[in-house]
Amino acid sequence: MVSPAISVCLDSVVVKRRGKTVLGPVDLCLQADGFTIVLGPNGAGKTTLLKVLHGVERVSRGSVQWSIPNAQVREAQAYVFQSPIMLRRSVRQNLAYPLQLIGIDKAEIASRVVDWAQKTGLQDALDFPAPRLSGGEKQKLALGRALIRMPKVLFLDEPCANLDGRSTREIEELLYDATKAGTRIIMTTHDLGQARRLADSVLFLMNGALHEHGAASKFFAAPSTSEAQAFLNGDIIE
Amino acid sequence: MNEIWAGVQEAFRLIFILDADLIEITLRSLEVSLTALVIASALALPFGTWLAIRRFRYRRFTIAVLNALMGLPPVVVGLVVYLLLSRSGPFGVMGLLFTPTAMIIAQVIIITPLIASITHQAMRELWSEYHDLLISLNTTKRQRVVALIWDGRRTLMTAALAGFGRAIGEVGAIMIVGGNIDHATRVLTTAIALETGKGDFALALGLGFVLITLTLVVNLAIHALSRTEQEGTW
Amino acid sequence: MEISSNDPHVACPYDDHHSCPGPGPALRLAATTSFNNSGLSDVLLPAIKMDTGIDVQLLVVGTGQAIRLGQAGDVDAILVHSKTAEEAFVSDGFGTHRREIMYNDFVLIGPVQDPAMIKTSATAAQALQRIATAEATFVSRGDDSGTHKKELALWSEAALEPEQFGAWYKGVGSGMGASLNSASGLDAYIMADRASWLNFGNKGGLGLLFSGDPKLFNQYAYLPVNPAKHGHVNAEAAVRLEHWLTSRRAKDIINKYTINGQALFIFNSQP
C-alpha cells in the first residue's frame, strides 16, 4: 500500500533568516526506508531541516529533489509537531480531517477513523473534544491523524518532549508499527535513549551544518567527529 | 423612579394585550436588523477571515481603516446614505429613500466593519494556532478559510451578535434614511425617540424594555440553536 | 374613527370623477412636528385613507427639512407653516402652488411662578421683552423650523436680537417635544404650538402663561411638489389629497378636534 517508496536528495541547501544562516549548506541523500533520528544541540537547525524536507520552509539557496513528482510529494508526507495542534473539534473529526481534505468517501473515512482510534487507544474518546485531552492523548491523536493518510514519509519534531514514560512508550510502539508498515520516519529528539531504541540511521547537526550521517549502530559506537563524541558524552557543546 | 416603574408597567401592558402597533414595529425592527445582519455577516465573516490569513501589501493599512470604520458615527452614515438615495442624489431613481431597504443599507454599512474587525481579531488568533497544521496538511486557501470559520464559529457568532446589537439599537441613521413613517418605516428605536419627543416617557420606556427583551431573546435563541453553551470550553 | 362602512364609496363625499377612493399608491407628505404631535394627524390620516384610498406616509420633520425634502423630490407634498419659505418654494418652481388649510396658535409656556411676569403682558412682543429684561431662561427650538422662524420674527417684533442674548437663551436644535422636555428640565420659558403643549406629557412645573395675540397665529399651508421638476412624484394623489384637505369633511374633522375641550386648529381654507 505504501509503495512505491520515495527517496530524497538535498543539493547544497541553505536557509537564511534575517540574513543569518540557520541551516546549510547541506548535501544529503536519504533512502526510501528506515528510521532516521536527527540529533544535535539546541539551535543546530534540526527543525529547520525537517521543515525543508517537508517543503514548508523557504530555501534560500540549493534544491530539494524527491524521487516522485513534486505534486505528489506533500500528499505522501505527514508532520507531527512538538506541541500537538488540536483542531477545536472532537477526536473523531480530528482523525477524519486529513482524509476529508483529499476527498475520501465517507464510509472509508469512518472505518479508518475507528481503526486508528483503536490503534491510538482513543476508541472511547471518539466524541470527546480533542483540545481537552491530556498531553499524551493529544500527541497520540496527532500521530494517528498523521498516519491515517498512510504517508510514505513521516516527520516528527520532538514528539515526546513533554510526555511521561508511558505515553512515550505508546508513541514509540506506534512509530515502530509504522516503520514496519513501510513508512519512512525522520524524527528529531533530545532523548538519546529514544534515539538508540529507534534509529536505523542518524543525522548529527551542529550550527546548521551536517556533521555526521550514518548507520545508528556505528554512530553510537564510534562517532567520527569530536563534536558528536562530546554530544554523546553529554558535554555542553557550542 | 416612578417613571421607570410606569415604563415597566407599560411594557407589560403592551406585551400582554399584544398591541397591534407594537407587534408591527417589533417585527419591522427584527426584519430590518436581521436582514442587515445576514448581509453584513456574509460580507464581513469571509473578509475578516481572509484578512487574518492573507499577507498583502496594504494589510496593516486595511486593518487600521477597518478598525477606524468600526467607530463610524451612525448619524453620518445616515446622512450620507440619505444624500445618496435622495431623489436628487446619484441613486435617487431607485426610489429607496424612506423605505426599509434604505434602513437595511445604512445598518449594513454601520455593522459590517464591526463584524469584520471582531472576526479578524478572533481569526488571527485561531490562525496562529492552526497555521502549522493547515500548512502541513497542504490545504488550499479555501479549505483554510472553511476550517477557520467552522472552528471559530463561536467567536464569529459573538461578532455577529455584537453587530446585531448595534443594528437593532441604532436610531440616528435609520431615523434619517427611514423617516420614522408610521406603518412603513417605524421601528422600536425611532418610536422610542418619537414618544420621548412627545414627553410620553412611560410609553417610550415601555418600548425600551421591549427592545431590550427582544435583543435578549434573539441572543438566547441563537445560542440555543447553535448549542454553543453545551460545547463548553474547548 | 367611527366610520365603519365596508364600501368605500359610501364614505366618498365627492361627486367629481377623480376624488373617489381606489387602492391608490402611497403619498409621502412631509409635515411639521406640531401637526403630528398635536394628534391631529392620527385623526386625519385614517379619514383620508377611508375617503380617498390614499395611504399618506407622514414624514414628521421641521419646516426647514420639509422644504428640503420637497426640493429634492423625496416627498410628494408638504404641509408646513412658514409663509416666506413657502412662497420661495413656489417661486423657485419646486411647488406648483400654495394652499392655505388651517391655522393654530402659539402659546408662551413658562414656570408657573412666572418670574418674568409675562402673564399680564398686553402683547406677545411685550411678554418677550419682559423675559429678556429678567434674563429668565428661555429655550428656543433653534432648528430652522417654522416654529423657530416664528419665534425669531416675534423677537424682532419686540426689537430684540437673540444673537446678542446671554446664556439664558438656549437654542437646543431639537423638535418641539424634545425642546419642551428641555424647558421642563430647565424650568424655562418656551414658545410652543398649543397642540403640542396640550398633548405634552412631561409638563413638570411649567404652565401656559400667555396666548391670544393674533401675532401668535400660525397658518398651515399645503404645497404639492411640482411634477414638472420631479417627474416621479405622485401628483395625481397630491391633487386628490388637496381636494380632500379643503373639503367640508376635512373642515368638520379639523374644527372638531379638541384636547381637554380646547379646539386646536381652525379650518380656514378658501374654496
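How big, on average over all directions, is the shadow cast by the Cα convex hull of the stretch B:96-201, in nm²?
That works out to 8.5 nm².
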### Task
State the dimensionless ratio Rg/Rh of chain C (Rg: radius of gyration of Cα atoms; Rh: Kirkwood radius).
1.00
#### Entry: Relative contact order (percent, whole number), the stretch A:79-181, Cα cutoff 8 Å, 6+ residue spacing
40 percent
### Task
Between A:Val14 and B:Val217, take the C-beta separation as r, use R0 = 60 Å, and let me know the FRET efficiency to the nearest 0.05.
0.45
### Query
Taking N as the number of residues in the stretch A:8-233, what is its alpha-carbon radius of gyration divided by 2.2 N^0.38 Å?
1.03
### Message
Let me confirm one metric for peptide C:30-40, namely the mean number of other chain beta-carbon atoms within 10 Å of its residues' beta-carbons.
### Response
1
### Message
So for each of C:249-256, C:94-101 I average, over its residues, the number of other beta carbons within 10 Å; can you give me the resulting order with the highest mean first?
### Response
C:94-101, C:249-256
### Message
Sort A:Cys29, A:Cys160 by Cβ crowding within 10 Å, fewest neighbours at the top.
### Response
A:Cys29, A:Cys160
#### Entry: Paramagnetic reach from B:His131 (point 7 Å along Cα→Cβ, amide N under 20 Å) across the stretch B:40-84
B:47-64
### Query
What's the exposure ranking of A:Met86, C:Met191, C:Met117, going from fewest to most Cβ atoms within 10 Å?
C:Met117, A:Met86, C:Met191
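Place the peptides A:110-119, B:156-165 in order of packing, highest mean first, counting for every residue the other Cβ atoms within 10 Å and averaging per peptide.
B:156-165, A:110-119
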### Proxy reagent accessibility, fewest Cβ within 10 Å first, across C:Thr147, A:Thr21
A:Thr21, C:Thr147
### Task
If a/c stays under 1.5 just call it rounded; otherwise compare a/b with b/c (prolate if a/b is bigger, oblate if not). Do that for the protein assembly as shown, with a ≥ b ≥ c from the square roots of the Cα gyration tensor eigenvalues.
prolate
#### Entry: Those lysines that a straight Cα-Cα span of less than 28 Å connects to A:Lys218, excepting residues fewer than 8 apart in one chain
A:Lys46, A:Lys51, A:Lys152, A:Lys180
### Query
Which of A:Ile185, A:Ile102, A:Ile148 moves most in a GNM of chain A, Cα contacts under 10 Å?
A:Ile102
### Task
Label chain B by shape, choosing from rounded, prolate and oblate, from the square roots a ≥ b ≥ c of the eigenvalues of the Cα gyration tensor; if a/c is under 1.5 it is rounded, and otherwise prolate applies when a/b is larger than b/c, oblate when it is not.
oblate
### J(HN,Hα) series, the stretch B:5-12, from Karplus relation 6.51 cos²θ - 1.76 cosθ + 1.60, nearest Hz, glycine and proline x
4, 4, x, 4, 4, 4, 4, 5
### Query
What average count of beta carbons from other chains do you get within 10 Å of the Cβ of residues in B:198-204?
6
### Message
For a protection proxy built on the mean count of beta-carbon atoms within 10 angstrom, sort A:171-183, C:234-246 highest first, please.
### Response
C:234-246, A:171-183
### Query
For the stretch C:174-260, what does the equivalent ellipsoid look like in terms of its semi-axes, each the square root of 5 times an eigenvalue of the Cα gyration tensor, given largest first in whole Å?
34, 18, 12
### Query
Which residue, C:Ala132, C:Ala72, C:Ala30, has the most motion in a Gaussian network model of chain C that connects Cα atoms within less than 10 Å?
C:Ala72
### Task
First check a/c for the stretch B:160-215, with a ≥ b ≥ c the square roots of the eigenvalues of its C-alpha gyration tensor; if it is under 1.5, answer rounded, and if not, answer prolate when a/b is larger than b/c or oblate otherwise.
oblate
### Query
Under the definition of Cα pairs under 8 Å and six or more residues apart, what whole-number percent is the relative contact order of chain B?
32 percent
### Task
Determine the shielding of peptide B:213-220 by partner chains: average, over its residues, the number of Cβ atoms on other chains within 10 angstrom of each Cβ.
0
### Summary
In whole Hz, the Karplus estimates of ³J(HN,Hα) for the stretch C:215-220 (6.51, -1.76, 1.60; θ = phi - 60°; x where Gly or Pro) are 4, 8, 5, 9, 8, 9
### Query
Once label points are set 7 Å from the Cα along Cα→Cβ at both C:Lys256 and B:Val75, what is their separation, rounded to one decimal in nm?
4.3 nm
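Assuming R0 = 25 Å, what is the FRET efficiency of C:Gln126 and C:Phe217, from their Cβ-Cβ distance, to the nearest 0.05?
According to the calculation, E is roughly 0.90.
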### Query
Given H placed on each backbone N at 1.01 Å, which residues far from A:Met206 in sequence or on other chains put an amide H within less than 5 Å of it?
A:His211
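Share of Cα-Cα pairs in the stretch A:48-126 beyond 17 Å, in percent?
59 percent
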### the stretch C:104-216 - percent relative contact order, Cα under 8 Å, separation 6 or more
45 percent
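Here, each number is a calculation from the coordinates, and none is a lab measurement. Please read these numbers as outputs of a predicted model, since none were measured by experiment. Every residue, glycine among them, receives a Cβ derived from its backbone with ideal geometry; neighbour counts consider all protein chains shown.
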